[in-house]
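The values are calculated or read from the model by the stated rules, or taken from the named source; none is laboratory data. No experiment lies behind these values; they were computed from the predicted model shown. Note: ideal-geometry Cβ built from the backbone for every residue, glycine included; neighbour counts use all protein chains shown. All accessible areas refer to the heavy atoms of the entire protein, side chains included, with ligands and DNA or RNA removed. Shrake-Rupley method; radii C 1.70, N 1.55, O 1.52, S 1.80 Å.
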Amino acid sequence: MKLITDLLASDYHSTQAISKSGLDRINQSPAHFISWLSEPQKPTPAIEFGSATHSAILEADTFDQFYHVGRIDRRTKEGKAQAEEIESTGKKLISEDDFGRIMRMRDSVHSHETAKDLLSEGNAEISLLGEFANVSAKARVDWLVHTNDTAIVVDLKTTDCASAESFAKSCAQYRYHVQVAWYSDLLRKAGVDVQAFYFIAVEKTAPYAVAVYELDKESVTLGRVTYE
């Protein structure tokens, strides 16, 4: 298992290997997994918004390289042509309204003392690729604070509600316990001992509340048993 710091997201996603997303599909059924591999789904607006938020908060220095902010009316011939020209450069379009929300979310995260401390040093979008449990495996870590052979992992989640009760429901629905176990074990395979794994949850609407969570050991153990 190798830890890669400069792999583009597109190259990571095109790599054929088992990921947390793949494990989620297999959990539904092998048929769902095969369909997901053979018929890739176009990202939903919610996923696109989440990706842009990640970029703005975790990779602010390179946001402009991948996103274009502006008001473009695709219903007009001129607007459609303008959008196609921008997208031909590899950039994605972000409306001014969405960008405004993303900036308020970013400010809210940076105003939260614990979240701010966790993101004060480290690196974003760290890829893990290699052999694990006799299969090709991969993961992409949102934020990694790596010191010598130990690390703290931070995962940013956009949400409708950042309360503890709501986050607990999201953990069950989206299998966050599996994510913690999978990422931690792949990092250890790469020679990095994970000391802690934190989730930063930030709301997508006002007041853009922020909370930081860490799953207990029992949940992570269950996640490991589940993916295995």
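Using all alpha carbons of the range 89-197, what is the percent of pairwise distances in each 10 Å bin, ordered from the shortest bin to the longest?
Over the range 89-197, the share of Cα pairs per 10 Å bin runs 12, 35, 36, 16, 1 percent.
What FRET efficiency would be calculated for the residue pair residue 71, residue 121, taking the C-beta separation as r and a Förster radius of 25 Å, to the nearest 0.05?
Numbers: r = 36 Å, r/R0 = 1.45.
So the FRET efficiency works out to roughly 0.10.
How much length, in nm to one decimal, is gained on full extension between residue 27 and residue 13, taken as 0.36 nm per residue of separation minus their Cα-Cα distance? The partial results should precede the final answer.
Working: separation 14, 0.36 × 14 = 5.04 nm, distance 1.97 nm.
Net length gain for the segment: 3.1 nm.
Taking the Cα centre of each part, how many Å lie between the range 1-58 and the range 98-164?
With the range 1-58 and the range 98-164 each reduced to a Cα centre, they are spaced 15 Å.
Evaluated at 4 °C with a viscosity of 1.567 mPa s, what Stokes-Einstein diffusion coefficient in µm²/s does the range 161-216 have when Rh comes from the Kirkwood expression over alpha-carbon pairs? Kindly include the intermediate steps, with their values, before the conclusion.
Working: Rh = 12.4 Å.
D = 104 µm²/s.
Calculate the radius of gyration of the Cα atoms of the chain to one decimal place, then report Dmax, the largest Cα-Cα distance, as a whole number, both in Å.
So, for the chain, Rg and Dmax equal 18.2, 57 Å respectively.
For residue 51 and residue 134, what is the calculated FRET efficiency with R₀ set at 41 Å and r taken between the beta-carbons, to the nearest 0.05? Please list the in-between numbers first.
Values: r = 31 Å, r/R0 = 0.77.
Here the calculated transfer efficiency is 0.85.
Rank 51, 35, 108 by mean-square fluctuation in a GNM of the chain with C-alpha springs under 10 angstrom and give only the top-ranked residue.
35
For residue 142, what accessible area in Å² do you get when you roll a 1.4 Å probe over the heavy atoms of the protein chains, rounding to the nearest 10?
For residue 142, the solvent-accessible surface is approximately 20 Å².
Please compute the Cα-Cα pair-distance distribution of the range 1-108 with 10 Å bins starting at 0, giving whole percents from short to long.
11, 34, 32, 20, 2
To the nearest 10 degrees, how steeply does helix 217-227 sit against the main Cα axis of the chain, on a 0 to 90 scale?
80
Using all C-alpha to C-alpha distances in the range 1-58, build P(r) with 5 Å bins and read off the rounded percent in each one.
Bin by bin from 0 Å, the calculated values are 4, 14, 19, 25, 21, 14, 4, 0.
Using a 1.4 angstrom probe, figure out how much accessible area the range 92-182 has per residue, in square angstrom, rounded to the nearest whole.
Working: 4380 Å² over 91 residues.
In whole numbers, the range 92-182 has 48 Å² accessible per residue.
With a 1.4 Å probe and all protein chains left in place, how much of the accessible area of the chain comes from carbon and sulfur atoms, in whole percent? Display every interim value, and only then the final one.
Numbers: 6510 of 13050 Å².
Result for the chain: 50 percent of the exposed heavy-atom area is carbon or sulfur.
Listed here are the pairs 80/138; 2/91; 42/80; which of them are more than 25 Å apart at the Cα?
Numbers: 80/138 37 Å; 2/91 29 Å; 42/80 19 Å.
Result: 80/138; 2/91 exceed 25 Å.
Scan the range 86-171 for GluC sites (Glu not before Pro) in coil per DSSP, keeping those whose Cβ has at most 11 other Cβ atoms within 10 Å, and list them by number. All intermediate terms of the calculation are to be shown ahead of the outcome.
Numbers: sites: 87, 96, 113, 121, 125, 131, 165; in loops: 121.
Answer in residue order: 121.
Testing the spin-label approximation: label points 7 Å from Cα along Cα→Cβ at residue 37 and residue 61. State their distance in nm.
It is 3.8 nm.
What full-extension length gain, to one decimal in nm, is calculated for residue 164 and residue 150 as 0.36 nm per residue of separation minus the Cα-Cα distance?
Values: separation 14, 0.36 × 14 = 5.04 nm, distance 2.79 nm.
In short, 2.2 nm is gained.
If 80, 91, 157 are ordered by their accessible area, calculated over protein heavy atoms with a 1.4 Å probe, which sequence runs from highest to lowest?
80, 91, 157
Can you pull the three principal axis extents for the Cα set of the range 113-162, in Å, largest first?
41, 32, 14
What are the ³J(HN,Hα) values, in whole Hz, obtained from phi via the Karplus relation 6.51 cos²θ - 1.76 cosθ + 1.60 with θ = phi - 60°, for each residue of the range 74-87 in sequence order, with x given for Gly and Pro?
5, 6, 9, 5, 5, x, 4, 5, 5, 5, 5, 5, 5, 5
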